[in-house]
Amino acid sequence: MFLDQQLFYSGHKKQHAIAHLAIVLPNGLFSAVFPGVPASGGDASLCIHLGLGQRLRKLLYWLPEGESRYVYGDAAFSSQDFVLGPYKRANGQILTPTQKKLNQWLSKRRIVVKHGFGGVKMSFKLLGLKTSLVPGLVPVGIYMLVFSFLYNCRTCIRGGNQILELLGMPQPSIKAYVQGRFGVESEIRVEI
């Protein structure tokens, strides 16, 4: 039985899709992949639906008072706590040079996520077979969770990926990765 197709139709992409939200670390590893949801609402509703701000608050409870960490996202995510997004032009206003510089700086860091998703899609060709990925008939939402884990393992075993080369970040060993040490800060553990 097919699920309601309207739920999965993305007007932006002009196709039916399941949207995934992932946090990719500066070393190119996926640290969190949230369950796939129907893509009809766009990135902003995805972020709200998954409660990204609240989840990040729980993850970052250990930070000392006055200290912050941020996830870099595109403009759709900037309304959430702990998410830093680019400045947008509102009502024809012109961005200041400082705002433009920040937007450029964020853009260079957000590209890590695009490279991460691209790496998973290149490594696991099943994700490109759109005719066989029918929500309700196959567990499409689970594929990204499994494939991102396998992509991380492969990256650790190979000793790097395109993102590491781009940013010059250290790569954890496969042992450190499966123990929950991602190689960005000494003992960050992600449990969602």
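The values are calculated or read from the model by the stated rules, or taken from the named source; none is laboratory data. Only a predicted model underlies this, so the values are computations on that prediction, with no experimental measurement involved. Cβ atoms come from the backbone with ideal geometry, glycine included; neighbour counts cover every protein chain shown.
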Filtering the range 74-93 down to residues that are touching a strand residue (DSSP E or B) at 6+ places or on another chain (Cβ under 8 Å) and assigned to a loop (DSSP other than H, G, I, E, B) yields S78, F82, G85
Can you work out which of the residues in the range 71-89 that are within 14 Å of S107 (Cα to Cα) and of a type in the set (S, T, Y) is nearest to the chain's Cα centre (by Cα)? Y72
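Which one of these is touching a Lys or Arg at 6+ places or on another chain (Cβ under 8 Å) and either surrounded by fewer than 15 Cβ atoms within 10 Å (Cβ to Cβ) or at pLDDT below 85 (or both): G118, G136, G128? Write out each step before concluding.
On the way: G118 fails: touching a Lys or Arg at 6+ places or on another chain (Cβ under 8 Å); G136 fails: touching a Lys or Arg at 6+ places or on another chain (Cβ under 8 Å).
G128 is the lone residue from the list that is touching a Lys or Arg at 6+ places or on another chain (Cβ under 8 Å) and either surrounded by fewer than 15 Cβ atoms within 10 Å (Cβ to Cβ) or at pLDDT below 85 (or both).
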